[in-house]
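Working notes for the structure below.
The values are calculated or read from the model by the stated rules, or taken from the named source; none is laboratory data. The structure displayed is predicted, hence computed values, not measured ones. Neighbour counts are summed over all protein chains in view; Cβ atoms, including those assigned to glycine, are modelled from backbone coordinates with ideal geometry. Surface areas here come from the heavy atoms of the whole protein model, side chains and all, with no ligands, DNA or RNA. Shrake-Rupley method; radii C 1.70, N 1.55, O 1.52, S 1.80 Å.
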Amino acid sequence: MANLVITIDGPAASGKSTIARMLAERLGASFLDTGAMYRAVTLAAMQAGVDMSDEEKLLGILETKKFQFAAKEGKMTVSIDGVDVTEQIRRQEVTANARHIASAAKIREKLVQMQRQFAANEEKIVTEGRDQGTAAFPNADIKFFLDADITERAKRRKAELQSKGSSESMEQIQRAIEERDKSDESRAVGPLRPADDAIVVDTTDLTIEQVVEKLLCCVEEKKRKSTAVLRTPYGENAKSAEKEIGSCFRRNDNVKNSADSAVKSKKPKMRWFRFARWCCKIFCRVFFRMRVYGRENVPDKGAFVLVSNHQSFLDPLFCGVYLKMPMYFLARDTLFANRFFGWLISSVNTIPVKRGEADLSAMKKIIGKLKEGNGVCLFPEATRTSDGKIAPFKPGFGLLCRRGEAAVVPVVIDGAFECWPRHKKIFSPGSEITICYGKAIPAEQVKNMSDRTLAEVLTDTLRRMQTKSRIKHGKKPYNY
Ligand code: DC
């Protein structure tokens, strides 16, 4: 087997082929387009006039014809019985018929064998398809799963087809892609899905170069074996912090003790928490016009980190008040100087953090809370926005998520900046505030992401969510 196997899976028109080819080129690796293999068998079956539903006959085609796949100058060339069919396999009729071949279990088995054989002869390989990380190379060194909005994929496919002289409409193209997605996702063998340990990259708003850079960055990070970097819980510089936290959480006694005491004091705490939440809801209803979306994306149980943009002092309240579970928050320690306010925020699970230094004690507490199966709300910009835009996230929070074995839920707050910008002493009542909870990144996936990648992915996700939300509510999106 090759020394380095990188798999890239994803739906039709998510950009896999181009990106896999470019990544392979940058890494000096071979490139395998497995879709071309399915297409070649499809073309051969069509040429032989075989019934596409007759699996045995289709298998006969694969066994009797001579298929050759070679990577030349970064392009896969394909031949059947010595005839070059590289261009022909891209024809639309072939695309439409390929699903029959892709659903035939025995053919898939043979093609997977051929893919492994191909990899065995290469030193490094980037291979793309639908099942590369799940079925063909479950032990690959790095697995990516590229995805993009259906409309964006249709747009890309239209541009590609137009350059070849086709005049299909957007609707037709989008419908065809949707059908292919359905067929790819629902087949019994080798269905399209991200491997549990795949890094999922949404390419909707990214250029090809940006995606390639992102993937390269993950490959580099993987090589460097993820040396976590931290200064404050959000900061960037403390390998020693990871070591210390690591040793603390290998021995999990403190967590157990705090869990025991939490059980003892749970009842009155819950009553107080419910009352506080009710007061906060009344406050929101009186002073703001709240819109809340995607609450179903927040897990009911198990460790998770809500990662939000930071627009105003009210953000922790906005993020937590509509959730069933009590959340844990962080606040700078100076806010605890006032005894009443300090008591109040502590009573609703706020952990003090020292600013400008590696506050190991706070980090241990957060990880402890996550390990007990709680939700923690973090604002990885580390400070409130000065213009409403989302600043790039500081990568340090990745360590907390990994050590706490937590899923990550992106949350976007919109309207809080207009309601209470930095320079104003008090908020403006009557403002519209939107809270959107996005799809969670599962803990297993977070574990395989470097701090930098996680920060970049979440910055992109939140910016996209913010743009969508602003357009939806008739506001001008920010320019990133
Ligand atoms: O990626 P593509 O459009 O060239 O793929 C052509 C067909 O092959 C498509 O129907 C999906 C299928 N395919 C597959 O089932 N498994 C793969 N590893 C690659 C492609």
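Could you please find all residues in region 458-480 being of a type in the set (A, V, I, L, M, F, W, C) and open to solvent by 20 Å² or more (accessible area, probe 1.4 Å)? Within region 458-480, M465, I471 qualify. Of all the criteria given as (1) open to solvent by less than 20 Å² (accessible area, probe 1.4 Å); (2) within 27 Å of K124 (Cβ to Cβ), the one not satisfied by K75 is (1). Looking across G375, G388, one residue alone is within 18 Å of L314 (Cβ to Cβ) and either in contact (Cβ under 8 Å) with a residue 60 or more places away in the chain or among the β-branched types (V, I, T) (or both). It is G388. The helices (runs of 4 or more DSSP H) found entirely in region 261-374 that carry 2 or more residues being buried (at least 20 other Cβ atoms within 10 Å of the Cβ) are 315-320, 360-371. Of the residues in region 409-420, at least one is under 21 Å from L317 (Cα atoms), in a loop (DSSP other than H, G, I, E, B) and at pLDDT 95 or above.
Within region 150-175, the set of residues being more than 25 Å from T7 (Cα to Cα), buried (at least 18 other Cβ atoms within 10 Å of the Cβ) and of a type in the set (A, V, I, L, M, F, W, C) comprises I173 only. The numbered conditions (1) modelled with pLDDT of 90 or more; (2) of a type outside the set (K, R); (3) touching a Pro at 6+ places or on another chain (Cβ under 6 Å) are all true for V200 except (1).
Considered as a group, the residues in region 184-206 that are within 16 Å of the ligand (Cβ to nearest atom) and over 15 Å from G10 (Cβ atoms) include one that is most open to solvent (accessible area, probe 1.4 Å), and that residue is A188. Of all residues in region 21-46, those satisfying the criterion of being under 16 Å from I125 (Cα atoms) and more than 10 Å from the ligand (Cβ to nearest atom) are R21, M22, L23, A24, E25, R26, L27, G28, A29, S30, F31. For region 430-448, check the following and say yes or no: at least one residue is of a type in the set (S, T, N, Q) and open to solvent by 40 Å² or more (accessible area, probe 1.4 Å). There is at least one residue in region 430-448 that is of a type in the set (S, T, N, Q) and open to solvent by 40 Å² or more (accessible area, probe 1.4 Å).
Look at region 454-480: where a residue is on the phi < 0 side of the Ramachandran plot and a partner is of a type outside the set (A, V, I, L, M, F, W, C) and assigned to a helix (DSSP H, G or I), sitting 6+ places away or on another chain with Cβ atoms under 6 Å, you get L454/G398; P477/T467; P477/R470; Y480/R463.
Condition (residue is within 15 Å of the ligand (Cβ to nearest atom), surrounded by fewer than 20 Cβ atoms within 10 Å (Cβ to Cβ) and not aliphatic (A, V, I, L, M)) applied to region 1-16: is it met by at least one residue? No, region 1-16 contains no residue that is within 15 Å of the ligand (Cβ to nearest atom), surrounded by fewer than 20 Cβ atoms within 10 Å (Cβ to Cβ) and not aliphatic (A, V, I, L, M). If I filter region 47-64 for residues that are closer than 27 Å to Q162 by Cβ and open to solvent by less than 60 Å² (accessible area, probe 1.4 Å), do I get at least one hit? The answer is no; no qualifying residue exists. Applying the condition of being open to solvent by less than 10 Å² (accessible area, probe 1.4 Å) and within 19 Å of Q311 (Cβ to Cβ) to region 386-407 and asking which residue is farthest from the chain's Cα centre (by Cα) yields G388. So is T203 under 15 Å from K16 (Cβ atoms), touching a residue at least 24 places away in the same chain (Cβ under 8 Å), in contact with a strand residue (DSSP E or B) (Cβ under 6 Å, 6 or more places away or on another chain) and of a type in the set (S, T, N, Q) or not? Taking the combined requirement at face value, the residue satisfies it.
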